[in-house]
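Down below is the structure, laid out as C-alpha cells.
The values are calculated or read from the model by the stated rules, or taken from the named source; none is laboratory data. All of these numbers come straight from a predicted model, not from anything done at the bench. We place every Cβ from the backbone using ideal geometry, glycine too, and count neighbours over all the protein chains shown. The accessibility values were calculated without ligands, DNA or RNA, using every heavy atom of the protein model including side chains. Shrake-Rupley method; radii C 1.70, N 1.55, O 1.52, S 1.80 Å.
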Amino acid sequence: MKDRTFRQDHLLGIEHLSVDDIETILETAEAFIEVSSRDVKKVPALKGKTVVNLFFENSTRTRSSFEIAAKRLSADLINFNSSVSSLKKGETLKDTVLTLEAMNPHIIVIRHSASGAPHYLTTFARSSIVNAGDGFHEHPTQALLDALTIRQRLKTLRGLKVAIVGDILHSRVALSNILLHQKLGNEIALVGPPSLVPVEFEKLGATVYYDIRRGVKNADVVMMLRVQAERGARNYFPSIREYRNLFAIDRPIFALAARRAILMHPGPINRDVEIETSMADSDQSVILQQVTNGIAVRMAVLYLLKGEIHEALN
Amino acid sequence: MDEKIKAKIMDDKKMKRTLQRLAIEILERNREADKLALIGIQTRGVHVARRIQALIRELEGVEIPMGILDITMFRDDLHKHEHQPAVKKTQIDFAVEDRDIVLIDDVVFTGRTIRAAMDSIFELGRPATLQLAAFIDRGHRELPICPDFRGKYLPTARRERVKVMLQETDGKDQVLIMEPKGF
C-alpha cells in the first residue's frame, strides 16, 4: 500500500482534494468499517477531542451520522441546533462561531444554507472545519461515501459512466459528485429538465441529457436526486406527475444501464416520485449501504483531520 | 533518516528454523489446539502469523484460525505525529471469547504496540489466555511486557533499527540491524 499523507486542515469540498487525498480518505474509511461491526463499536483515536455539530439547516441523517462517527472515535460531541440558539436572538454566524471556539473545540462540522459559509469560517476559526453541506455548493462527505459504495460494489472507481438524474441546479450532492468523478476521469451524464440542468454544467466536463433513456444508457452508476420541494424545486417543472413520467427511474429504464449497474440515492427518497418503489428496494439499489458507509467515511474524515487547533488563515 | 546495514543476523534458512521452533513451542504450550487462535499485528506480524499458521498445518494437520489486527487507533502517541498514521484493516473472523490467543509481531521493542494490541483485543471480548510471540526481541522495553515465545533475543542500541524482511513484503527473507549513517 502506498504510504499517503493527508495534509488538509479542513474539509471544505471535493474541489480542494487531490485524487490522492480522496483515495486516502476511502482507504481509511475501509479500515473503519470493521469498527462498526464489533460488539464494542468504539476506538480511542480521538479521545479528549471535542467535535461540534453546528447545523443551521434541518438534517437528521447527516447530523446523526457525524454524531455516531465522532462517538465511535471516542470524541466528545456537542450538537448545536440553530433553532434553539442565539441566532434567533440576532447573533451573527461569526459571533456564534467565536463563542463556540472560546470553548476550544477541535473540529466544527457545519451545515449552512449559504454557499461558502464553511470557507468563511476558516478565515477566523482555529478549529478544523468540515463542510456538511453548504447551500447549493458542496456536500463532500456525501460524494465520498458514494465513492466508497461504488468502489465496494463495482470494485473500481475508474473508467465508469456515472449518470446523475434530477435537480442538478440546486444539488450540492450533485456538484460534489461531479467534481469527484471529474477528478477521477469518469464519464458524467447529467439528466433532468432544462430548468434544473443548465447546459453550463457541461463546462465541468459533464454531458447534459434531457432524455433519461439516453443519459442512463450503459451507465455503471445511476444516482437519483430528490425533488427538493422545500427549496421550491416544483416551480421548475409543471407538475410532479409530469416529472415522474419523464425523469423517474423504473425497471425498464434501469435495464438500459450497464449489466451490473447500481442505483444510488442520497436520501431521503420520495417513493414513486423520482424512484419507483420496487426499484428502491431492489438488489441493484445500494441506498442503505450508502448510509452505513456514511459513518465510516465521516470517521475517516474526523480521524484524518486530527482535530489539531491551528492558526486561522488570516 | 539515512541508514546503513550494520549486521546481517539471519538468512532465509535460519529464519525458517526459528519459525518452525516458534510453531512447535506454541503447540507445546497450547495443548487444546481447537481453542487456539493466532492474531498477527499489521503489517509484518501478519505475515509471520501466516507462516506459523502454515507450519502448524504441516506439523499437525490442523487449521488454526488467524486474524489480522491494526493497532493504529489504540496508539498512545497519536497526538505526537504531525500527520495521522495510516489505518489498515483489522479482520478477526472468530470470537476471541474464551480462546487462547497468541499475538504475533515481527519485532518487540518498547512494548507500546503490544499494549495497544491488548487494549484492542479486549474490546473484542475476553480471551481465556493472551500470549505473545515475537520473532525478534530487541530489548528497550518501556512497559512491563515480556514475550511468551521469542524467536531471537537481539540486544541492540536504541539508535539502531531491526529490520525483519519477508518474502511477502520485501521480496527476501532476512533480518538486518540498521544504524544511522555517520556512526
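Numerical summary
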| read-out | value |
| --- | --- |
| Set A:300, A:261, A:255: member being closer than 21 Å to residue A:220 by Cβ and open to solvent by less than 70 Å² (accessible area, probe 1.4 Å) | A:261 |
| Residue B:74 being open to solvent by 60 Å² or more (accessible area, probe 1.4 Å) and within 14 Å of chain A (Cβ to nearest Cβ) | no |
| Residue within segment A:285-306 that is within 14 Å of chain B (Cβ to nearest Cβ) and outside any helix (DSSP H, G or I) present | yes |
| Single match in A:69, A:45, A:29 (criterion: buried (at least 23 other Cβ atoms within 10 Å of the Cβ), farther than 27 Å from residue A:157 by Cα and within 14 Å of chain B (Cβ to nearest Cβ)) | A:45 |
| Subset tally (residues that are among the polar types (S, T, N, Q) and either outside any loop (DSSP other than H, G, I, E, B) or at positive phi (or both)) for segment A:225-255 | 2 |
| Filtered residue count, segment B:77-95, keeping only those that are open to solvent by 50 Å² or more (accessible area, probe 1.4 Å) and more than 9 Å from every other protein chain (Cβ to nearest Cβ) | 3 |
| Residue check, residue A:18 under 16 Å from residue B:69 (Cβ atoms), open to solvent by 40 Å² or more (accessible area, probe 1.4 Å) and either of a type in the set (S, T, N, Q) or at pLDDT below 95 (or both) | no |
| Positions within segment A:228-246 being open to solvent by 10 Å² or more (accessible area, probe 1.4 Å) and touching a residue at least 60 places away in the same chain (Cβ under 8 Å), in sequence order | A:228, A:231, A:236 |
| Boolean, residue B:99 is within 14 Å of chain A (Cβ to nearest Cβ) and open to solvent by 20 Å² or more (accessible area, probe 1.4 Å) | no |
| Total residues in segment A:161-172, condition part of a loop (DSSP other than H, G, I, E, B) and more than 17 Å from residue A:199 (Cα to Cα) | 0 |
| Positions within segment A:173-213 being assigned to a helix (DSSP H, G or I), free of Cβ contacts under 8 Å to residues at least 40 places away in the same chain and open to solvent by less than 20 Å² (accessible area, probe 1.4 Å), in sequence order | A:178, A:181 |
| Selection status of residue B:36, surrounded by fewer than 21 Cβ atoms within 10 Å (Cβ to Cβ) and either within 14 Å of chain A (Cβ to nearest Cβ) or over 30 Å from residue A:301 (Cβ atoms) (or both) | no |
| Residue check, residue A:6 assigned to a loop (DSSP other than H, G, I, E, B), among the aromatic types (Phe, Trp, Tyr), under 30 Å from residue A:153 (Cα atoms) and touching a residue at least 60 places away in the same chain (Cβ under 8 Å) | yes |
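Yes/no per residue for (1) in a helix (DSSP H, G or I); (2) surrounded by 19 or more Cβ atoms within 10 Å (Cβ to Cβ); (3) charged (D, E, K, R):
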{"site": "B:122", "(1), (2), (3)": "yes, no, no"}
{"site": "B:127", "(1), (2), (3)": "no, yes, no"}
{"site": "B:139", "(1), (2), (3)": "no, no, no"}
{"site": "B:143", "(1), (2), (3)": "no, no, no"}
{"site": "B:146", "(1), (2), (3)": "no, no, no"}
{"site": "B:155", "(1), (2), (3)": "no, no, no"}
{"site": "B:168", "(1), (2), (3)": "yes, no, yes"}
